[in-house]
């Protein structure tokens, strides 16, 4: 057995991952209703902010007249006055497919409102968009060379002009410059050269400062670290850690929004291999940490992904890792769930059937074509009873038909999805409250289900697109007959 | 060597250049008109562009405001390029005698400065485009590529000024009076542009802080001193500032007549028309005081004169602008005349600007007075530079 340096703290990752809520998966996928029209929306957020987001809208209705898109803040000032909407362009090949380019001007929690007009009247759907820059674009070498040449021309030009002005500028027409003028011009040119160098130095320093400020903002929106500590042998305590002290003023733990019933959704995934996964819901403590007594867990290194939503509706995923010994605890009754099975490395390629521990199975209705990165897809899963019939005992799990986690083998991608897509449920609810009262479909979608009495289809769908090629494991979690089950599928993405 | 190029000297110039100019060149040369149109184009384009960004937001290469700014570069570039090439290669060019030489080219001094401005404007375009790709579209005036563009536009204005001065300093009579009016015209837009570049630091919320006065003293006195010295007119500073104020009024009152609505979001302020610039600074008062003081101190030592002029400027400006800032914050200023209730679409309601509260820029009273003393010192230095620069301008012949 491996020995651990107990007592108090086992640790811990400390690398800041370049992403935000969800990890390595910045694009937004959302499925919902704009009034009577069912939409599948993909928002590809720009690399820098302000920048242009590419929006794709696929409608189920074949006779949509127009689709317009407009950005607003998700909450507070800026969420009241929409600017003039942009008209999305209908595809020539597919009249149900619309695209638009939309400027996102601000960082933070935004929404993109989709306005649809068709034979059944008008409808609106608001999609929350976490707006953040992903990186600073470097300058291309050719452009750098061009700007360098132009800078030299301008620098030498200004020195030469100043020299010529001093040498000849004050001479009467036709007068030849005297040696005195020429000497003066040389001195002034030398002084100008020093001044130009000083200006270039200061300009470079200013540029550096601007770049530094921008990078600071990029870093601000990176995933905070989940600093994990094991206390008393089985109590996991998680504290959000951010390198920028101002983050703690911006995201106050006591002001977090509950996201489908819980303030934090914590995922512990054993690495390497992703052969065990826990989906837990720690409680918030008075000191701003989150804590939960762990269930029985085998020893090993666990990657931590903890989803929270701040008061503005901006979703954050705390990221970390922890080495743990064997834990002897009990799974908290309620919404906590777990899965253990074969490691990812043992099953490369796509697996489409997952047997459930309590009998029955889940079938991924995966197309035979290879999966490709950056393609919006609808993932369909059928829950079946032991003999292959569609499950009749489906129940809402935390208000929804299912939850899915898409995890890349190296943990560089983590996305926590629902049938409404990759958006946070708390943010989605905030976005819909801003819609006009006349909108016939205020509470859209296959999302928060008000009561367990509502029959749930055994077919669960998730809109999503893999952000990069690689091997992924998909954890699909559903509830039936009062039991939470997890189906696991492996996918190879090109 | 450029200096070795033989210069054909027209006999009329040799005889008496000044007389010939006043007698024969009674109409303003085409290239000066061309550059003046370019300057006006960039003035209107610049003000329109800022208002466009504050009201509509979305920007393309082809907005009317951008077209006017490009026209400035194109017009001055073509006319000055032609001027330089024709002066260089036409041995009988009438401008050859009154030109300077640089890199084996010959041409009027102002033409080279304008050409430099055109190259700077062109350079700023790919630089600004990359800046947007790297750091996002910047919704502010002061960024490195924007400053390079502004330097280019300033150079075109200054080059035009030099062209006017080279004619003015060799002219007299009615022709000189005509050129003097053009001199005020160009000086007005030079001062206007520098004040425009700094407008993020001269908003009304800052007017009860000493930093505001440092910025104004850094910009305004140099132009007042330069125009006063360069023109010889007893009311030069007053005339230039009055023109600046009149042009500013025109933008403040005319731009809101154009309907507009934001095409970018989030939108924090409801916009129905183009957002005008703020009410102009009350520079006209210190300009009058400046002209009066200049006359009273005409025979003083330059340093003493500069300090006195700066002190007179600062005292009179603070005396009117400080209480006027209070007025601008009041409901009485929220009308079409004073335009104090016009905010860009992107200004949040919690902003001090919208809440009409002053932003303190100095933490203590001592810091305030130290910075006011700095403003005086800066003003004196800039006045001194302006006086010397104006002297140099009076000697421009080419």
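Please find the FRET efficiency linking residue B:369 to residue B:91, where r is the Cβ-Cβ separation and R0 is fixed at 56 Å, and quote it to the nearest 0.05.
Taking R0 as 56 Å, the efficiency between residue B:369 and residue B:91 is 0.30.
Of all DSSP beta bridges in chain A, what percent run antiparallel (nearest 5)?
Around 100 percent of the beta bridges assigned by DSSP in chain A are antiparallel ones.
With labels modelled as points extended 7 Å from the Cα through the Cβ direction, what inter-label distance (nm, one decimal) is found for residue A:412 paired with residue B:257?
Taking the two extended label points, one gets 6.0 nm.
Could you work out how far apart the two model spin labels at residue B:295 and residue A:483 are, taking each label as a point 7 Å from the Cα in the direction of the beta carbon, and quote it in nm?
10.3
Using only the Cα atoms, what convex hull volume per residue in Å³ does the protein assembly as shown have?
213
Pulled fully out, how much extra length does the chain show between residue A:284 and residue A:187, if you take 0.36 nm times their separation in residues and subtract their Cα-Cα distance?
The span from residue A:284 to residue A:187 would gain 27.8 nm if fully extended.
What is the helix-to-structure angle for B:109-135, meaning the angle in degrees between its Cα long axis and the longest Cα principal axis of chain B, kept from 0 to 90 and rounded to the nearest 10?
The angle comes out near 40 degrees.
Quick check: the angle from helix B:64-89's long axis to the longest principal axis of chain B, C-alpha only, nearest 10 degrees?
It works out to around 20 degrees.
Count, for each residue of B:142-150, the Cβ atoms from other chains sitting within 10 Å of its Cβ, then give me the mean as a whole number.
So the per-residue partner count for this stretch is 2.
Taking R0 as 56 Å, what FRET efficiency do you get between residue A:331 and residue A:217 from their Cβ-Cβ distance, rounded to the nearest 0.05?
According to the calculation, E is roughly 0.85.
Where in segment B:334-371 does the label zone of residue B:249 land, with the point 7 angstrom along Cα→C-beta and an amide N cut-off under 12 Å?
Only B:337-338 pass the distance filter.
Largest first and in whole Å, give the semi-axes of chain A's equivalent ellipsoid, each being the square root of 5 times a Cα gyration tensor eigenvalue.
52, 30, 21
Given R₀ = 60 Å, FRET efficiency for residue A:392-residue B:66 by Cβ-Cβ distance, to 0.05?
Here the calculated transfer efficiency is 0.40.
Enter the mean number of other protein chain beta carbons within 10 Å of the beta carbon of each residue in A:72-79, as an integer.
So the per-residue partner count for this stretch is 5.
Averaged over peptide A:151-163, how many Cβ atoms belonging to another chain are found within 10 Å of each residue's Cβ?
Per residue, the average neighbour count from other chains is 4.
Take the Cα of residue A:252, step 7 Å along the line toward its Cβ, and report every residue of segment A:308-339 whose backbone nitrogen sits under 11 Å from that point.
Zone members listed by number: A:311.
Calculate the length of the line joining the C-alpha centroid of segment B:73-128 to that of segment A:127-162, in whole Å.
Centre-to-centre distance over Cα atoms comes out at 25 Å.
Taking only the alpha carbons of segment A:136-259, what extent do you get along each of the three principal axes, in Å, biggest first?
94, 29, 27
What's the angle, to the nearest 10 degrees (0 to 90), between helix A:179-220's Cα axis and the longest principal axis of chain A?
Value to nearest ten degrees: 10.
Could you work out [θ]222 nm for chain B from helices alone, using -39500 (n - 2.57) per DSSP H run of at least four and dividing by all its residues? Round to the nearest 500 deg cm²/dmol.
Taken over chain B, the calculation gives -22500 deg cm²/dmol.
Once Rh is set to the Kirkwood radius over Cα pairs, what Stokes-Einstein translational diffusion coefficient, in µm²/s, holds for segment A:152-220 at a temperature of 10 °C and a viscosity of 1.306 mPa s?
Calculated translational D: 111 µm²/s.
Going by a ≥ b ≥ c, the root eigenvalues of the Cα gyration tensor, does segment B:291-398 fall in the rounded group (a/c under 1.5), the prolate group (a/b larger than b/c) or the oblate group?
prolate
Bin width 5 Å, origin at 0, all Cα-Cα pairs of segment A:28-131: what percent of pairs per bin?
In whole percents, the pair-distance histogram is 3, 14, 26, 26, 18, 9, 4, 1.
As a check on your grasp of the helix formula, calculate [θ] at 222 nm for chain A: sum -39500 (n - 2.57) over DSSP H runs of n ≥ 4, divide by the residue count, round to the nearest 500.
The helix-only estimate for chain A comes to -6000 deg cm²/dmol at 222 nm.
Name the shape class, rounded, prolate or oblate, that the alpha-carbon gyration tensor gives for chain B, where a ≥ b ≥ c are the square roots of its eigenvalues, rounded holds for a/c under 1.5, and otherwise prolate holds if a/b is larger than b/c and oblate otherwise.
The shape class here is oblate.
Can you classify segment B:29-197 as rounded, prolate or oblate using the Cα gyration tensor, where a ≥ b ≥ c are the square roots of its eigenvalues, rounded means a/c under 1.5, and otherwise it's prolate if a/b beats b/c and oblate if not?
In terms of gyration-tensor shape, prolate.
What order do you get for A:165, A:30, A:366 when you list them from fewest to most C-beta neighbours inside 10 Å?
A:366, A:165, A:30
Taking the Cα centre of each part, how many Å lie between segment B:253-295 and segment A:91-114?
For segment B:253-295 versus segment A:91-114, the Cα centre distance is 35 Å.
For the residue pair residue A:80 and residue B:172, what label-to-label distance in nm results when each label sits 7 Å from Cα along the Cα-to-beta-carbon direction?
For residue A:80 paired with residue B:172, the spin-label model returns 6.8 nm.
The numbers here are math on the coordinates, done by the rules we state, and not lab data. If you're wondering where the values come from, they're calculated on a predicted model, not measured in any experiment. All Cβ positions, even for glycine, are placed from backbone atoms using ideal geometry, and neighbour counts span all protein chains on display.
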